[in-house]
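Notes follow the structure.
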Amino acid sequence: MESMRSGLTLLALTGTGLLVGIIGSIAGNDLLRDGAWIITIFVALVPVTWGIVKDLLARQAGVDVVAILAMGGALILEEFLAGAVIALMMATGIALEAYAASRAERELSSLLERAPRTANRYVEGTLESVSIDEVVVGDRLLVRAGEVLPVDGVVIGGDAVLDASALTGESRLVTCVAGDHVDSGVVNAGSAFDIRATATADESTYAGIIRLVTEAQTSKSPFVRLADRYAAIFVPIAVGLSLAAWAASGDPVRGLSVLVVATPCPLLLAAPIAVVGGISRSAKRGIVVKDGAALERMAAAEVLLLDKTGTLTMGVPNVEEVAVFGSRFDQNDILYFAASLDQMSSHVLAHAIVAAARRSGLALSFPSAAEEVPGSGLRGVVDGDRVLLGNQDFVLEGTEPTESVRAFTRRIATTAGTTVYVSIDGVLAGAVFLDDPIRADTPRTIRELKREGIKEIVMVTGDNSFIAETVGAAIGVDSVLAERTPAEKVEAVRDASLERATMMVGDGINDAPALAAAGVGVAMGARGATSSSEAADVVLMVDRLDRLVEAIQIARRSQRIAVQSVLVGMGLSILAMVAAAFGLLPPVAGAVTQEVIDAIAILMALRALTGPITLRAQPKLDPEMSRRLRAEHDDLMPKLDHLRTLADALDSMPRELARVALEEADVFLSTELVPHERADDAEIYPYIIELIGGEDPLAAMSRTHREIFHLVRLFAAQIAGLPKGGPTSGDLRDLRRILYGLHAILRLHFAQEEELYSSLDEHYLDAVAVRMVTVPDAQA
């Protein structure tokens with residue numbers, strides 16, 4: 001704001017001086033005319049000269065030196081009007097730069113302005129207002145209506161309705177219930193509620209965002225330095241042409257005319273204005289870009305490396321199983337210890353475990369001495385017991401696994417999930433198995449990234465090869481690097497960086513080194529200010545992978561606009577310089593011409609603040625229909641999984657029980673699934689075809705319906721012909737084949753529909769995920 005005021009003041013002074021001089025000229029008062037114009041020249045000459053001195057002290061060339069020579073020459077040759085016009089031109093450029101910077105920083109600086117300073121803390125049953133720096137982990141805080149959450153915490157004592165739009169760009173309110181984790185920086189849009197602090201102010205999400213914003217505001221883009229280097233070449237050319245015009249014509253005014261039209265200081269502001277405009281545009285979409293250099297490197301990226309968990313997957317995994325090794329603890333004990341310690345972690349798996357424990361009604365304890373080990377796990381003390389969570393090697397601490405642990409490991413080896421092992425007092429006591437479904441927008445985002453010019457997409461993960469290859473095949477990446485430690489992820493990034501510009505996307509602490517090593521690191525930072533956000537150049541504050549495509553689109557558009565602005569402005573300036581050298585543009589006319597050229601270039605650069613983002617230029621589903629479709633899929637998906645479970649279990653089930661289960665499956669298919677698919681064909685698909693246009697664009701999906709109906713009819717006929725005593729071995733073989741076929745085609749069909757619906761309504765993704773397709777065993 002200060003630079004904006006200074007720019008406007010300078011513009012007002014030079015404009016007033018030029019106008020007063022014109023009035024004096026009309027009145028025939030030469031003293032008033034020349035005095036006003038001379039003062040106008042000096043008003044602009046002082047700040048421009050000071051700027052040149054600062055540039056030289058910073059070892060940077062500046063094209064402003066041409067403006068100094070032009071204004072100085074105007075004073076010497078008594079071309080006061082030309083000098084005054086140059087002064088007004090310089091002031092206009094400075095004001096335009098200040099306006100662009102002010103507008104571009106508005107979204108970022110608003111975060112700083114709304115930062116909470118105090119918190120309402122309960123002390124012995126009474127409330128007291130304390131400095132936010134005094135809040136410690138475990139404090140109970142009251143968040144009143146309209147207040148910004150001061151620290152990260154867990155909701156207690158009632159539901160919370162939150163507005164996170166200032167951080168994420170999402171306008172919808174979010175309801176959190178008791179036990180849910182909430183981030184600092186969001187606004188309480190409902191009634192007052194209490195939270196239990198899980199982090200101090202410095203360690204909370206909002207503090208991390210403010211650090212990112214501060215970096216974004218104080219950094220300088222390499223493109224600006226590129227413009228400075230260009231100025232080092234341009235200045236000698238302009239001065240040389242000016243001297244040549246003077247020498248050839250014998251008229252020093254001719255040389256002055258060349259300098260006047262070669263005064264493109266505002267022109268060279270076009271590049272940084274475009275870059276800062278791109279940063280502002282990104283911020284409005286919940287994308288924090290730390291500096292212009294990151295924006296430009298993102299525009300140039302050709303190789304993209306992606307972490308899996310929390311990046312390609314939903315990042316909100318579900319606890320599917322709690323395993324117990326030994327007799328000392330039961331399932332609730334394992335979940336209790338794991339969730340209590342995980343309260344201190346911002347990792348997505350930790351949130352899932354804590355949520356599962358609270359849904360089970362477990363009253364968790366706050367741990368002490370908690371420490372997160374990147375790439376391995378978490379250690380701490382819960383109720384006096386030493387607890388380790390993480391991968392098997394980490395929690396075993398060099399000991400050999402028992403046979404029960406080996407059996408569990410073999411069983412889950414071919415499942416596409418994640419296992420967190422739990423060690424209590426040095427003994428591997430149990431494990432928590434979580435299923436983390438692929439994001440519904442992931443396959444579409446991968447395709448969008450390739451269309452945006454990303455030439456190679458690599459998934460880099462610590463998961464085992466089987467799971468990684470399964471996920472990679474499902475989403476369409478070019479290659480998979482599995483079972484990589486944090487150090488090996490860094491090595492993969494460095495190898496990829498040898499030949500092409502790289503970008504790395506991740507979300508966990510173990511991704512931080514790789515993010516720092518990449519040409520541009522992008523953190524999925526919606527869940528907290530972890531070290532990955534600190535190490536990254538770009539942070540996606542919205543938990544949506546498709547925002548990465550938007551970030552790249554914004555970066556590339558900003559870069560194109562910067563280059564276009566520079567080329568157009570410099571091209572016009574060179575033409576004007578040549579015209580002035582031949583005497584076609586006297587000093588005053590040259591100054592006016594250059595003013596117009598500079599304004600054109602800067603206004604071109606300001607386009608980076610607006611304009612279309614193609615990914616979001618999509619027709620939208622009716623909100624009520626979107627909710628209906630989401631609810632129907634959420635209801636049907638577990639029942640589809642039951643078809644596969646039933647097929648797996650048929651051989652081991654008693655024949656009569658198998659018959660009952662098969663008949664129940666037949667009822668589900670005929671009374672729920674088939675009506676759902678027929679309604680899609682009759683109601684939903686015609687509506688979507690009208691939205692997206694084209695000639696029968698959903699023909700392939702309608703054809704899938706025909707195959708589903710065919711398999712359902714086959715299944716019904718098979719059930720109708722079963723013997724009273726239950727299916728024979730031959731019947732079981734045929735029934736399993738039909739069930740596996742139905743499960744596979746339905747899962748694929750639902751995944752296609754969810755991707756389609758999410759492309760038409762970005763909010764559809766909020767509660768839907770494409771679940772992993774497990775690989776049938778050898779018997780199947």
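The values are calculated or read from the model by the stated rules, or taken from the named source; none is laboratory data. Values in this document were obtained by computation on a predicted structure and should not be read as measured data. All Cβ positions, even for glycine, are placed from backbone atoms using ideal geometry, and neighbour counts span all protein chains on display. Ligands, DNA and RNA are excluded from the accessible area calculation, which covers all protein heavy atoms including side chains. Shrake-Rupley method; radii C 1.70, N 1.55, O 1.52, S 1.80 Å.
Listing for the model above:
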read-out	value
Lone qualifier among Ser171, Ser191 - being more than 18 Å from Val137 (Cα to Cα), at pLDDT 80 or above, out of contact with any strand residue (DSSP E or B) (no Cβ under 7 Å at 6 or more places or on another chain) and part of a loop (DSSP other than H, G, I, E, B)	Ser191
Per-region count, the stretch 391-441, residues open to solvent by less than 60 Å² (accessible area, probe 1.4 Å) and free of Cβ contacts under 8 Å to residues at least 12 places away in the same chain	1
Residue list for the stretch 427-477, filter: over 22 Å from the mean Cα position of the chain (by Cα) and part of a helix (DSSP H, G or I)	Ser465, Phe466, Ile467, Ala468, Glu469, Thr470, Ala473, Ala474
Gly35 being without any contact (Cβ under 8 Å) to a residue 24 or more places away in the chain and buried (at least 16 other Cβ atoms within 10 Å of the Cβ)	yes
Answer residue from the stretch 315-359, given it is at pLDDT 85 or above and of a type in the set (S, T, N, Q) and is most open to solvent (accessible area, probe 1.4 Å) among those	Gln331
Those residues of the stretch 396-426 which are in contact with a strand residue (DSSP E or B) (Cβ under 8 Å, 6 or more places away or on another chain), part of a loop (DSSP other than H, G, I, E, B) and more than 26 Å from Thr470 (Cβ to Cβ), in sequence order	Glu397, Thr399, Thr402, Asp425, Gly426
Residue match in the stretch 711-732 (condition: within 30 Å of Ala468 (Cβ to Cβ), small (Gly, Ala, Ser) and modelled with pLDDT under 90)	no
So Thr645, is it farther than 30 Å from Ile554 by Cβ and modelled with pLDDT under 80	yes
Residue that is open to solvent by 60 Å² or more (accessible area, probe 1.4 Å), touching a helix residue (DSSP H, G or I) at 6+ places or on another chain (Cβ under 7 Å) and of a type outside the set (Asp, Glu), where the choices are Leu714, Leu742	Leu714
Selected residue (only one of Met604, Met625 is assigned to a helix (DSSP H, G or I), within 28 Å of Arg281 (Cβ to Cβ) and open to solvent by 30 Å² or more (accessible area, probe 1.4 Å))	Met604
Residue under evaluation Ser497, criteria (1) modelled with pLDDT under 85; (2) open to solvent by 10 Å² or more (accessible area, probe 1.4 Å), criterion not met	(1)
Failed item, numbered, when Val85 is tested on (1) at pLDDT 80 or above; (2) surrounded by fewer than 23 Cβ atoms within 10 Å (Cβ to Cβ)	(2)
Leading residue by the ranking (surrounded by the most Cβ atoms within 10 Å (Cβ to Cβ)) among those in the stretch 138-154 that are part of a strand (DSSP E or B) and of a type in the set (A, V, I, L, M, F, W, C)	Val143
Identity of the residue in the stretch 379-395, over 11 Å from Ala369 (Cα atoms) and assigned to a loop (DSSP other than H, G, I, E, B), that ends up modelled with the highest pLDDT	Asp383
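Yes/no per residue for (1) surrounded by fewer than 16 Cβ atoms within 10 Å (Cβ to Cβ); (2) of a type in the set (Lys, Arg); (3) in contact with a strand residue (DSSP E or B) (Cβ under 6 Å, 6 or more places away or on another chain):
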position	(1), (2), (3)
Arg547	no, yes, yes
Leu572	no, no, no
Leu584	yes, no, no
Gly590	no, no, no
Val596	yes, no, no
Lys620	yes, yes, no
